[in-house]
Amino acid sequence: MSRRQIILVVDDLEINRSILTDILSPEYEILEAENGLAALNLLQKRHGDISLILLDLIMPEMDGFGVLEAMNRAGWLRDIPVITISAESAPRIVDRAYDLGAVDYISRPFDERTIRRRVMNTIMLYNKQKTLEGIVTEQVMEKEKDNLVMVEILSNIVEFRNGESGLHVIHIRVLTEIFLRKLMEITDRYPLLPAQMTDLINASALHDIGKISIPGVILNKPGKLTAGELEVMKTHCAIGAQILESTPYHNDNELVKAARDICRWHHERWDGSGYPDGLKGDEIPLGAQVVALADVYDALISERVYKPAYSHEEAMGMILGGKCGAFNPVLLECLMDVGPRLQRELEMRSDDSLAGVQTQQMAAWLIAGGRASTRTLAMLEQERIKYQFFASMSNEIQFEIDYQADLLTISEWGAKRLDLSPVLVHPKECAELFHVIAQDDFREICGQLHQTSRINPTVGGTYRLRVDGEWRWHKTMARAMWADDESEETTGAIGKFIDIHEDYLRMERLTQMAEQDALTGLSNQRAVKQAVERMLKENEPRAMMLFFDLDDFKRSNDQYGHMFGDEVLRHVAGRIHDAVREGDIAARMGGDEFLLFMPYKGDPGPLARRVMGSVTGDFRGYRVSISVGVALAPENGRSFEELLVSADRALYTAKARGKNQLCFYEKDMASALSVISPKDH
């Protein structure tokens, strides 16, 4: 028996909801909401289940127009048709409803036949539209996948011959996408359609295809190239462009055109000092400009036969200092904006093997049920070969933990390096495994995976492995996966150990990641506590702790959706970042609560009000205001906990006085609020 489709009836009069329910309940499941806010709460939880909405326009709390506007912002109107029902029939009312996305308008009074027919026709029309969209999307995705497979094969042949990590091509694509998206955010100088951006991202993988013609003795020379060898190396730009120009698709395929431009000009520089044509400024195609910056950054942070890897900080300094040539100033602004999260983005988004393993799990489910086609089996085998090949080329030990089967599977290349069996049963009790990794370390990795969520599925750490009989430091990245959409219980995980040997200083960057709030990039509660306690212990400065939260944030979150709420929090974090000085400590404490710890001289009032003013303001039409509680050190406390309690009580007092208030802690607040829990506000 098929599941009945769900209709949401939104009307402030219960009698109207009751009549519509009586008419439609024989064929449909009915949900009811008495106003716009209640409707949005239901949509937040079940928008994927609802087939249609019958919406009254005139309601208290939030009217029907507000619901349509909120659905537009959330993108729900693409999948959920809305029929408005109202006694208001003025043309301006009807036109506004249609302008906001309503698909039909029914005036009261209405009859049963009209409602049933309009509802049935609308649902049928949307179902047909979704079916057609699904067919077209599947065809486009198949074509896109085929294109990407060929691009990856060709570009990885070049990288394999070049002696570079197979990750270089993936890094260039990820960096190109990051820079292009940031560019679209900060300027309208380079307008790009989504399809054009996709072409540039995909074409970036072919940037060095011309190196296939460079002699291996030059391509992989460990020392500095001679002047003559350098000139030979430079020819790869023109040769790559020539290869693409000679294809029969060059004149009418946008991807090939974009790849040709990138191949020829990704070594040009903004001031005209590059090669092969000495182009300058925006004479250089945008794709080539972006790939040039991505290529330089990845070359700096990666090990090559002729140089060691530089740190992220060193690479940023060299690029911004002009040591790698001149780049578009707007692109350098993009680099500075994304710089703090660039390494994490590369680590999180470059691991295409994660998606491959998820595909394999789905295929395994089909095979077990006898539903896998020959095509699926062939593609699965192709994925397995590709997975093993890149594992052997990447100097990474890749593994998969299956909690349900209690198995640990290690890539063939990694198992040989560790001198382990590729499949270990009951790994938590396996003596063979603990010969190469400490038992406590392995249990810690498993424990971290059990603490993950669907929003934050990735964990990391640094552990020692016995590789080729020698203990070496390795950075660990792992991602948890779940068997179904309901359970948050981890059923499996995939990950990799990345060799960093004795370069233990890289652990500092991992520690920094563990101490950052994932949403905003600010310090988290654990990190700020440690930093404040360290500062108080070392020099006991005169400082103030500002503890604040956003006014009416929960209501706005409910009204506009959690995605918009996350954007507001990131915006506030950005304003905080701009307001703090060197030596100040800023953190997100959770939810919409933030904390600043700031040394001061003289009167702390102006500094506190300046910070408050820098955070307050408009964001995309939404008014951001905050309530602030301030505690002074050492007057109001000599430890992190004492200061936080004092600042929290001051914050409660500020909120009691109204919105957008700042309050310094005073002693009488201790007794007045002694029974108040921090959760009460």
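Observations on the structure shown:
One line per residue, one yes/no per condition, for (1) surrounded by 15 or more Cβ atoms within 10 Å (Cβ to Cβ); (2) among the aliphatic types (A, V, I, L, M); (3) under 17 Å from GLU268 (Cα atoms); (4) in the same structural domain as ALA195 (by TED's automatic domain parsing):
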| position | (1), (2), (3), (4) |
| --- | --- |
| ALA292 | yes, yes, yes, yes |
| ALA299 | yes, yes, yes, yes |
| TYR310 | yes, no, no, yes |
| ASN328 | yes, no, yes, yes |
| LEU332 | yes, yes, yes, yes |
| LEU335 | yes, yes, no, yes |
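- Selection of first residues in the range 284-295 that are under 16 Å from MET197 (Cβ atoms) and of second residues that are buried (at least 24 other Cβ atoms within 10 Å of the Cβ) and of a type in the set (D, E, K, R), restricted to Cβ pairs under 7 Å at least 6 apart or on distinct chains, gives the following pairs, ordered by first then second residue: ALA288/GLU268.
- Conditions (1) touching a His at 6+ places or on another chain (Cβ under 7 Å); (2) in a helix (DSSP H, G or I); number of the one not met by LEU300: (1)
- Counted residues, the range 100-135 - those being at pLDDT below 85, buried (at least 17 other Cβ atoms within 10 Å of the Cβ) and not in a helix (DSSP H, G or I): 0
- Filtering SER2, SER25, SER18, SER51 for residues that are polar (S, T, N, Q), modelled with pLDDT under 85 and closer than 18 Å to MET124 by Cα leaves a single hit, SER2.
- Listed conditions (1) touching a Ser or Thr at 6+ places or on another chain (Cβ under 9 Å); (2) under 30 Å from GLY75 (Cβ atoms) are all met by ALA531, apart from (2).
- When PHE547, PHE553, PHE564 are checked against the criterion of being outside the structural domain of LYS45 (by TED's automatic domain parsing) and crowded, with 21+ Cβ neighbours inside 10 Å, PHE547 stands alone in meeting it.
- Residues of the range 184-228 that are part of a helix (DSSP H, G or I), among the acidic types (Asp, Glu) and surrounded by fewer than 17 Cβ atoms within 10 Å (Cβ to Cβ): GLU185 alone.
- Answer from MET197, MET184 - the residue that is more than 30 Å from GLN5 (Cα to Cα), at pLDDT 55 or above and in contact with a Pro (Cβ under 9 Å, 6 or more places away or on another chain): MET184
- In the range 270-290, residue nearest to ALA238 (Cα to Cα) [restricted to those that are exposed (fewer than 15 other Cβ atoms within 10 Å of the Cβ) and among the small types (Gly, Ala, Ser)]: GLY278
- The residues in the range 279-297 that are part of a loop (DSSP other than H, G, I, E, B) and either of a type in the set (S, T, N, Q) or within 29 Å of the chain's Cα centre (by Cα) (or both) can be counted, and the count is 1.
- Among helices (runs of 4 or more DSSP H) entirely within the range 520-621, having at least 2 residues that are at pLDDT 90 or above singles out 562-579, 605-615.
- Being assigned by TED's automatic domain parsing to the domain that holds ARG108, part of a helix (DSSP H, G or I) and within 22 Å of ARG118 (Cα to Cα) is a property that does not hold for ILE53.
- Note on the range 420-447: residues that are polar (S, T, N, Q) and modelled with pLDDT of 85 or more amount to 1.
The values are calculated or read from the model by the stated rules, or taken from the named source; none is laboratory data. Here the structure is a predicted model, which is why all the values come from computation and not from measurement. Note that each Cβ is placed from the backbone with ideal geometry, even for glycine, and that neighbours are counted across all protein chains shown.
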